[in-house]
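The values are calculated or read from the model by the stated rules, or taken from the named source; none is laboratory data. Owing to the predicted nature of the structure, the values given are computational and were not obtained by experimental measurement. Cβ placement follows ideal geometry from the backbone for every residue including glycine, while neighbour counts extend to all protein chains displayed. Accessible surface is based on the protein model in full, side chains and every heavy atom, while ligands, DNA and RNA are left aside. Shrake-Rupley method; radii C 1.70, N 1.55, O 1.52, S 1.80 Å.
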Amino acid sequence: MESQTKLQTQCLHCRTLFFAGPDSQFCCSGCAFVFQLLEQKNLTDFYKIRELDPPQSPVPVQPVEDSFEYCDDKYFLTEVSKDARELTFFLEGVNCTACVWLLDKLPEICSSVEASTINFPNSTIHIRRTEAGTFALAAETLARLGFNPRAVSNKNSLETFKKTERKLDLIRIGIAGACTGNIMIFAVSNYAGATDELRLMFNYLIVALAFPVLTFCAFPFYRNAWAALRTKNLNLDLPIVISILAGVVMGLHGLITGAENIYFDSLSMLVFLLLSSRFWLKGIQQKFISANHIQDHLLVRQVTVLTDKLKSQISSMLLKEGQLVEIRSGMVIPADGVVIRGTGQIQTAILTGESSPILVKTWDTVEAGTYNIEGDWVLKVSRPPLESRFAELLESSKKALLNKPTQVKLADNVGRWFILTTFALALLTFAFNASSGTAEAFSRALALLIVTCPCVFGMAIPLSISFAIRAAAQNDIIVKDGSLFERLLNVRHLFFDKTGTLTDGQLKVTSVHCNPANLKYLKYIYALERNQKHPVATALKQYFYNSDEMDCGKVQELVRGGLQAVIDGSTYSITPIALTNNGFENQIKSEFAFSKDGSQIAAIKLVDQLREEAPEVFAWAKREKFSTTILSGDQPATVIQCARELGLTSDLFRSRLSANEKAEIIAPNAGTSMMIGDGANDAQALATAGVGIAITGALDVSLKAADAYLMQPDLRKIPRLFEIARKTDRAIKRNLSISASFNLIAGTIAISGHMTPLWAAVFMPLSSLIVLASAIITGTRLTKQIETLKGIHS
Amino acid sequence: MNIVYFLIPLALLLGGVFAVSFIIAVVKGQYDDLETPAYKILINDEPKTKMAPDLISRKDSLRGN
Amino acid sequence: MEIKNTNKLESYSYDDDIVKKFILATVIWGGVSFLAGILIALQMANYRFNFGLPWLTFGRLRPLHTNAAIFAFAGNAIFAGIYYSTQRLCKARNFSDLLSKIHFWGWQAIIVSAALTLPLGLSQSKEYAELEWPIDIAITLVWVVFAINFFGTLVRRRERHLYVALWFYIATIITVAVLHIVNSIEIPVSLFQSYPVYAGVQDALVQWWYGHNAVAFFLTTPFLGLMYYFIPKAAGRPVYSYRLSIIHFWSLVFIYIWAGPHHLLYTALPDWAQTLGMVFSLMLWAPSWGGMINGLLTLRGAWDRVRTEPVLKFMATSLTFYGMATFEGPLLSIKSVSSIAHYTDWIIAHVHGGTLGWNGFLTFGMLYYLVPKIFKTELYSRRLANMHFWISTIGIFLYIISMWASGITQGLMLRAIDESGRLVYPDFIETVMRIVPLYWVRAIGGMLFLAGFLIMCWNLYKTWKQAPKNQPEEVYQAPALEKFVSEKTEDSHRRLERLMPKFTIFAFLAIVVGSVVEILPTLVMHTYVTSEKAITPYSPLELAGRDIYVREGCYSCHSQMIRTIPSDVLRYGPASKPEDSMYDHPFQWGSKRTGPDLARIGNKYPDLWHFRHMLDPRSVVPQSLMPEYSWLFNQKTNFSALNKKLEVMKQLGVPYTNEQISNAHLDAKLQAEKIASGLAADAQIKELESREIIAVIAYIQRLGKN
């Protein structure tokens, strides 16, 4: 590393190390541009300021080619903004004081901007344009400064909802805190033995102050508990609510009978502490959710709409059913629809898992999110972007992330059990001590209820899990369900699909059998394949590449597969050599004949290469004592070959399997097995296995069957997933034992009546805080570690 | 100790005042963003004389490059 | 949510002139208070430093020192800092330059009048609130002016978000106003004298509720605000956690108000109130340290600069002292600790750790940052600044350590009881002799601190001199707030926004009105002690003597509160009860015992002893530190004023009969003659009975005799 850095120089703008020529000071043109910009505007203080508090991870400026005309579109604005003069952009690469400082200068830098609001944590900027100005210019400026801007709606209902909810939570906490603080004054005075008439006054004051806390502030608990009751199951708010209600009853009783303790002080303290810790937790979880925020903008593009002979530029967000959109090559298709003019080749992997490009022609239907590799054509919108299947898919997977983390089987079961025992114990305590006065008995029972806080189940475990999910997300692993991490621990057997899983699905030419005399003809292969896109063609083109432009008239596709063309008189064809074609799997044909005028002059063999990281992963599996098996639908030859490369003995691979055969093999010890395979073809197997991981294939299909989806096919993510699972498990176990021992001790003290509800209320959050702290610490460390790992690998 | 009959309401009053101002602050969105302000105050506002000219001219931006 | 400069800008400029004024005042009054401090420190070490002059005696200068330090030095510093930072945080000029000027000159006038009246003995004897009623009113008015000016600026701000510092300022302004008003409710007897409406234990509670919160909201919250502004600015990095700073603020605000009674542990104050004070003081520890850590962590990664940059050096150290003081405070408010520390120099050490270390050093750091900034130049000399830092730091440590030693030594000696249950050191003076050397050390510490301060003055003066002359006032630009409504604020909220300034004013009025309404009962309720316990009120002469006692500030060395702890009871007699001081307007419990407690001094010694003791303390107690009060022997008691005084006392609920009131002066003369006759043989003074000394003796001999 050291020696390398010596060779490298630091980019003047973005501070990334790069291999510089003698004169170049910038890692890229983008950085150079921004630097010049700042210089000419004498804003070079930017660099001074940045030195005071430099960003951790330097990022080079990505020059953005997008055009931002759509930002000024009237309809677009009405869609996304309350006010046609204001627009919010999501920015990339806002990471230090200097950036804030620079964005602060925006109105000076860009005449179109009248005022702007930066939100650093959300890395958004809210812009108000001048009468004459345009958002396009503003966006352009931002892009030039290297913060690739994306217009986002600022009337997104979810966002505003979240904001108001947060405000409400804060207010609840504030009121609870203020009241509890003042209640303390009187409670302490009374505990310290204030005299009779004062004592009475203090008691009434306490009740008065506790009222808002136990009604308005505690409302969320009531709501949740009620919801739990309606759905006939236990949740963590139930014991809380019960102890509150019980406390209120006894408290009032005590107030009237002038008993020692009226419980309102401890109750409002309890409410305050619970509210605060939950607010904190929510904050952490939402931070994680907003991480994949960027997905939303995938479809937001500028598109050209054709309306009788004239073109207009609008944002894809505004596409309406029936509109005609111009699709150029290298563009993400913004909406579901039909091709009505022209042809093209589209890459549908993200939806169908099909890696080879598909040819589309007039009246073919295409879907949003797919990628147009080649060809200009016209799309007739049938479903606008936000209603497209792709959008729904993103939404659902996001929902999966949002909802799942809190449902952890272990936690729920133990939690349920725990709550029940606490209740039982509390009742027993009450029953036993009833003889020594209801007040005493109750105070013990209540102390027990309060002190034995189920916080660890309610917060710590979900927190650990959401940290795990976050760590996974950082590795482009979309986890469907938090419980995955629990199940991972039982896994002993790893089952791998071959094609596209162990192999990268990319064909390579491995051998060419050709009579030396005929070598001269091979150059025509390139000519034949030049305009073809599918993997075979790519492989062939790669292998037989030659520059000389020869025109082979018209290339025609043969019915039985392959291509044919007439070149200076004679007919050349490339045709698959028919192998025993098992109908199990639409596996890639791997041998081809190159014929001149019908007679074969060369046999070309292509092989789907093993992924480079595969051996490494298998080595790891060996170390970890996992049994590894290959389940492939491919023919024995290829499978054996692949197994050999991975050093597997004969019993550890099976070939020519149908989808349900794979499932059957896994079934006997499904619980302990993990299937890694193609989301589409191995769906059954993935579903059967205790843990299914889709490495290729369509996101939605995969997530239906599998528990996790690898956004980039890289087997190394599997060891990492295991690592995350183990670390998380350790954290959870530790937390469980902490709170178990705490509750045991505190519980006994409470039952034995050596703890007043007030002290219980003081101790309870103590345990919660310890547990939460340990969860947070391990969690953050986990995510950090993973990040660094990621750094090394990719 | 009659004095407490005076001091306590006073304390409560003060507490109330601060509680209410807290609520108002929250409602106003004062606490929506609890990071940017810390950075904001570091920015010294320089005296302004004339408006700086445009960073990229209108046409320039249309051409995209 | 913050607003940026726009293409449609409002132009504005900052009023730094007022900041300069307050800085100058800070420096001048700082010098005065430090000098006064050193003088009274020397008076502790050797009585001769009282110079036998009435207006230079410890009893009169001590209030001058405290007031100068708190309200003149710290006060002006706060105003300078607030006016500087508020304008910048609000991107707006002060609401009104006129109000700023009134605020400045008004405040200086108040300080000057304090500096004149206190040495003349015009004092209410309530610590940090000694100033007489006309000045109290002036303070209230000036404070209101300040409030209007400040909130006006907030209303006009061009920055939507109120930075946390501003919140600390708001809390300061509102709370100090309430505290001051409540604690200064008094009834004038003459232009220069008044009696507080509260008496004895109630007065004590109010006083220390005020006293503690004066520390909390005059020496803590505003400085925390300054800290949250100037440390990030000086370090050039954002505060470590803005969230934490918000939490810090709100938790402080909700806890602080009730820690006061920790000044009254083991006194006649009801137990529950004492415990309350103790518990809340302990709770205070958490937010305080939260704030300190937040401040220190702000300097993370800048420690190299802390080593070189005087500004950061001072600020970092001040934070450390803040941490120290806020740890020591709760510790001291634990009953058992307090029983040793209270009334001793440990408290002095604690206080000066806070004021010299936290307030002083933060102020110095701020000045070193502000002066070059405001005069658009560089600091004249970093070397001098660093010198200042080291000299002052050594000074502070000499001070604190010597006072710890002294406090703990004396505390332990005073409570030492042998197995036979008798005091080991029955004579108070023994304990004093033991600590006199430490008083010298303390004085030296103070001088070092002053020396450092003078270096700073020179340094700042040179900086000012080297500044470019006649700089034009710079014009800045920012959009008006309403012009640009960020998407965060829904319409319903905007109404609230407009309401905000109004609200604060209403709230303030509500407090004032509320308080007035609530005072009425306390004015009419006299009987907090059940009638059978009730004692006979002071005779007119005793009252006259008491006023002299107050005038000479005897309470600053002699307590009148025997605590419920054995050593106190053994030494001074039965523990004081509420009724003992039920007619004391103001209470004289005191907070420090440089001399013995006087709660039950009456008839302990003959009149003659007191006569000689006042004339020359050394003649009866050779090692005594007490100044001579020779002037009491020629000044005449003002008998004619007594009727009015009794009348006022009656209004305040002291049961004087009407004819008692009408015969007050005669009554007094009679008693005076009786005492005088007893002394005539030894004292060759004509009209002895009309001299103040007689009244004083009358009062002293009455103490504890109910």
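If R0 equals 60 Å, the separation of the Cβ atoms of residue C:383 and residue B:35 corresponds to a calculated FRET efficiency of about 0.95.
Stretching the chain fully between residue C:630 and residue C:282 yields a gain of 120.7 nm (0.36 nm per residue, less the alpha carbon separation). Between residue C:623 and residue C:605, the distance separating the two model label sites (each 7 Å from Cα on the Cα→Cβ line) works out to 1.6 nm.
In chain C, the DSSP-assigned H stretches of four residues or longer account for a calculated mean residue ellipticity at 222 nm of -20500 deg cm²/dmol, using -39500 (n - 2.57) per stretch and the full residue count as denominator. Note on residue C:304: accessible area approximately 80 square angstrom, rounded to 10, probe 1.4 Å, nucleic acids and ligands left out. The alpha carbon centroids of the stretch C:339-410 and the stretch C:22-82 are separated by 15 Å. Per the Kirkwood formula applied to alpha carbons, the stretch C:547-706 shows a radius of gyration over Rh ratio, Rg over Rh, of 0.96. Ranking C:465, A:498 from most to least accessible surface, computed with a 1.4 Å probe over the protein chains only, gives C:465, A:498. Using the Cβ-Cβ distance between residue A:637 and residue A:78 with R0 set to 51 Å, the FRET efficiency from 1/(1 + (r/R0)^6) comes to roughly 0.25. The simple Förster model, with R0 at 45 Å and r as the Cβ-Cβ distance, assigns residue C:148 and residue C:429 a FRET efficiency of 0.25. Sorting A:252, A:170 by accessible area puts them as A:252, A:170; the probe is 1.4 Å, largest comes first, and only protein heavy atoms count.
Taken about its Cα centre, the stretch C:310-396 carries a charge dipole of roughly 340 debye when the Cβ of each Lys and Arg holds +1 and the Cβ of each Asp and Glu holds -1.
In the stretch C:82-234, the inverse of the mean reciprocal separation of distinct Cα atoms equals 16.7 Å; this is its Kirkwood hydrodynamic radius. Put simply, the C-alpha atoms of the stretch C:573-614 give a gyration tensor, and the ellipsoid matching it has half-axes of 21, 13, 11 Å, longest first. Hey, what angle do you get for helix C:16-45 against the long axis of chain C, alpha-carbon based, 0 to 90 degrees rounded to 10? The angle comes out at about 30 degrees. Overall, the ratio between the Cα radius of gyration of the stretch A:192-270 and 2.2 N^0.38 Å, rounded to two decimals, is 1.25. Size of the stretch C:628-701: Rg and Dmax of its alpha carbons, in Å, are 13.4, 40. Averaged per residue, chain C has 35 square angstrom of accessible surface, using a 1.4 angstrom probe with ligands and nucleic acids left out. Measuring against 30 Å, Cα to Cα, the residue pairs C:101/C:233; A:508/A:625; A:361/A:554; A:162/A:311 contain A:508/A:625; A:162/A:311 as the ones spanning a longer distance.
When the alpha carbon coordinates of chain C are projected onto the principal axes, the ranges are 90, 52, 50 Å, largest first. Label positions at residue C:670 and residue A:741, each projected 7 Å from the Cα along the C-beta direction, are separated by 8.1 nm. Backbone amide hydrogens, once placed in the peptide plane, bring residue A:693 within less than 5 Å of A:675, A:676, A:677, A:707, excluding anything fewer than 5 places away on its chain. For the pair residue A:229 and residue A:253 in one chain, pulling the backbone fully straight at 0.36 nm per residue adds 6.0 nm over the alpha carbon distance. Between residue A:329 and residue A:624, the modelled labels are 4.3 nm apart [label points 7 Å from Cα along Cα→Cβ].
Evaluated with a Cβ-only charge set (Lys, Arg +1; Asp, Glu -1), the stretch C:92-221 carries a dipole of roughly 760 debye about its Cα centre, given to the nearest 20.
When the pairs C:126/C:705; A:105/B:40; A:163/C:91 are compared against a 20 Å limit on Cα-Cα distance, C:126/C:705; A:163/C:91 fall above it.
Inter-chain neighbour count for C:242-248: the average number of beta-carbon atoms from partner chains within 10 Å of each residue's beta-carbon is 4.
Placing A:493, A:13 in order of accessible area, with the largest value first and a 1.4 Å probe, yields A:493, A:13. The packing ranking of peptides A:267-277, C:649-659, highest mean first, is A:267-277, C:649-659, where packing means the average number of other beta carbon atoms within 10 angstrom of each residue. Excluding ligands, DNA and RNA and using a 1.4 Å probe, chains A and C jointly bury around 2800 Å² of accessible surface, summed across both partners. Counting heavy atoms of the protein chains alone, residue C:378 has an accessible area of about 140 Å² for a 1.4 Å probe. Across the cross-link table entries C:313/C:376; B:28/C:373; A:232/A:480, which are compared at the Cα atoms, the separations over 28 Å belong to B:28/C:373. For the stretch C:3-154, taking Cα atoms only, Rg and Dmax work out to 18.7, 70 Å respectively. Could you calculate, for the stretch A:613-686, the ratio of the Cα radius of gyration to the Kirkwood radius, expressed as Rg to Rh? My calculation puts Rg/Rh at 0.94.
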